[in-house]
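Everything below concerns the one structure shown next.
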Amino acid sequence: MEYVGCQVVPYDGMSISTSTVLTEGSYALPNGIFITGDDLVLDMVSIHLDDKGISISGRTNVTILSGYLQNYFYGVIVTDSSDVTILEVDSSTNWVDPNSFSPICQIPPIYRLDINCSPNLADHTNLGGGFFFNNVTNAYLSKCRACQQENGYGTWWGGKEHSSHERFDMYSVTQSTIDSCNATDNTGWGIHLSGSRTNTISNSFFDRNTRSNLGDSAGILLVQGSSDNKILRNSATDCGDGFFIGNEWGIPSDNNVVQGNDCSSAGANAFEATFSTGNHFIENKATSSNYGFWLGYSHDGTIVEGNEISFNKRNGIEIDHGQRNSIQGNFFQGNLKDALFTISIYLMTTLNQQVFSLHIRINLKAGYTVSDNTISGIALGWGIHLIATTASSVFNNAIYSNDKYSRTASADSSCTSVKWAIDPPITGPNIIQGPEIAGNFWNNYLGTDTNGDGLGDTYLPYNNEGNIQTGGDQHPLVL
């Protein structure tokens, strides 16, 4: 990047209105530095600023390069601005709420985070850390750090080891990119988007953002209508939740693409998305957590496709009160409900007063598509478990149970109009490389193929020894 600037020694409360290079050194500036001009570059070289960081308000086309910001409530605050670029800035070891280290998480006292908190900079319980953005368009952050604090990035950002929320906190941020950044080891959230749309968060690390008793901590958090974002190829392992869309009493966060992320080893859920529609979870890793995917009340176009969902303590995917979603092409292995009872895919659809109060469209048809999944390592449980789930299609899955005590699938008597096969079959190959796509492969199906077409012809419809209480698979796949 080429620019013309002068080299100066920073001073407390400094106002910068033109491109500037700061003289290398360590400076304690209680009131920080204020950007008061447009179309400028501030190069902080390798200076260290203490007390108050960089403030940008009402500006356009500002670039901040390098530098270390620490011991602030936020290292960088950007409000009411556009076209802001921040490169290789380390804003770590800033504010952390001391209570976030407490093992107590109950009332009183309250040490649980408020995921729907407002952008109030006087809030020292939920906010504070690396970067704070409010009402910003077309920002670009790359190779920045926000570690060991309360939060990293806000539209939000994360931190922990050095007692800080450190994170990115982002309110009403649009058309912006955070790429190749690091917001790890915070006690709150790694990156937090609230009311932020059409952003891209990619190739970044949001690991180990957690606290005692979890307290709604998360690597990546979207709330209050944070829709149409792309969350791509990030790592958010060992967090409270890895990825968290929480909208129980807020505006839904819809139509996000969440692809290629590793959110494993979460204390709660690798991926949680509630009360939302049209979110796509593609080719992610959700292993060794409490739940792989917890998607309660998700509806109308939520897609879970091509994910690795293995060795979770409870269910691989659980959707309570969901409608019209697709679960396809995933790999499940060894998910253990209550450490004893396996359920890889658990769908329950019942009427609930809370659904109506949140204005989610609901009818008596669940409308799920469950297809092309491989489910293995079932021990003392179910591969697919349906309760009150209707008008759905379950086909071309391969389901392997471990022993005589486990079952491949179950569906209670209220699961009407569930199709367990495509009828008539269509030309394949199917999930076990047979010639026709029809029903599912069940390794405990004991029927035979009498005509060599790769489909079972006896014990039809297959109902898993009566565990599918209504109907069954008319065309089970056989090897």
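The values are calculated or read from the model by the stated rules, or taken from the named source; none is laboratory data. These numbers were taken from a predicted model, which means no experiment stands behind them. Here the Cβ positions follow ideal geometry from the backbone for every residue, glycine too, while neighbour counts run over all protein chains shown. The area values use the complete protein model at the heavy-atom level, side chains included, leaving out ligands, DNA and RNA. Shrake-Rupley method; radii C 1.70, N 1.55, O 1.52, S 1.80 Å.
Can you name the residue in region 229-243 that is open to solvent by 10 Å² or more (accessible area, probe 1.4 Å) and either among the hydroxyl-bearing types (Ser, Thr, Tyr) or touching a residue at least 40 places away in the same chain (Cβ under 8 Å) (or both) and is also nearest to ASN209 (Cα to Cα) among such residues?
So in region 229-243, the residues open to solvent by 10 Å² or more (accessible area, probe 1.4 Å) come out as 230, 232-233, 235, 237-238.
Now drop any that are not either among the hydroxyl-bearing types (Ser, Thr, Tyr) or touching a residue at least 40 places away in the same chain (Cβ under 8 Å) (or both), which leaves 235, 237.
Values: SER235: 11, THR237: 8 Å.
The residue in question is THR237.
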Please verify whether SER357 is of a type in the set (Gly, Ala, Ser) and modelled with pLDDT under 70, treating the condition exactly as stated. yes
Selection from region 249-263 of residues that are part of a strand (DSSP E or B) and either touching a helix residue (DSSP H, G or I) at 6+ places or on another chain (Cβ under 9 Å) or among the hydrophobic types (A, V, I, L, M, F, W, C) (or both): VAL257, VAL258
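Keeping to region 172-186, report how many residues are in a strand (DSSP E or B) and at negative phi. Spell out the reasoning first.
First, pick out the residues of region 172-186 that are in a strand (DSSP E or B): 172-174, 177-179, 182, 186.
Imposing the further condition that a residue be at negative phi reduces the set to 173-174, 177-179, 182, 186.
Here the count works out to 7.
What are the residues in region 470-479 that are surrounded by fewer than 21 Cβ atoms within 10 Å (Cβ to Cβ) and not β-branched (Val, Ile, Thr), if any? If you could, list the steps in order and put the result at the bottom.
If we filter region 470-479 for residues that are surrounded by fewer than 21 Cβ atoms within 10 Å (Cβ to Cβ), which is where we start, we get 470-471, 474, 478-479.
Of everything in region 470-479, those that are surrounded by fewer than 21 Cβ atoms within 10 Å (Cβ to Cβ) and not β-branched (Val, Ile, Thr) turn out to be GLY471, GLN474, LEU479.
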Hey, does region 58-75 have a residue that's at pLDDT 80 or above, open to solvent by 20 Å² or more (accessible area, probe 1.4 Å) and of a type in the set (Phe, Trp, Tyr)? yes
So how many residues does region 76-93 have that are closer than 12 Å to VAL41 by Cβ and open to solvent by less than 10 Å² (accessible area, probe 1.4 Å)? 2
Taking the condition surrounded by fewer than 24 Cβ atoms within 10 Å (Cβ to Cβ) and of a type in the set (Ser, Thr, Tyr), does SER212 pass? yes
Enumeration of residues in region 426-446 that are assigned to a loop (DSSP other than H, G, I, E, B) and modelled with pLDDT of 95 or more: PRO429, ASN430, ILE431, ILE432, GLN433, GLY434, PRO435, ALA438, GLY439, ASN440
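Pick out the one residue from ASN290, ASN335 that is under 15 Å from ALA273 (Cα atoms) and either modelled with pLDDT under 85 or open to solvent by 10 Å² or more (accessible area, probe 1.4 Å) (or both). Can you show your working first?
Working: ASN335 fails: under 15 Å from ALA273 (Cα atoms).
After ruling out the rest, the residue left standing is ASN290.
Here is a yes/no grid of residues against (1) in contact (Cβ under 8 Å) with a residue 40 or more places away in the chain; (2) over 13 Å from the mean Cα position of the chain (by Cα); (3) not in a loop (DSSP other than H, G, I, E, B):
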position	(1), (2), (3)
HIS192	yes, no, yes
ILE201	no, no, yes
ARG208	yes, yes, no
LEU214	yes, yes, no
GLY219	yes, no, yes
LEU222	no, no, yes
SER227	no, no, no
Within region 174-192, is even one residue open to solvent by 10 Å² or more (accessible area, probe 1.4 Å) and closer than 16 Å to GLY292 by Cα? no
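Pick from ASN467, ASN463, ASN444: which is open to solvent by 20 Å² or more (accessible area, probe 1.4 Å) and over 19 Å from LEU347 (Cβ atoms)?
Details: ASN467 fails: over 19 Å from LEU347 (Cβ atoms); ASN463 fails: over 19 Å from LEU347 (Cβ atoms).
The unique qualifying residue is ASN444.
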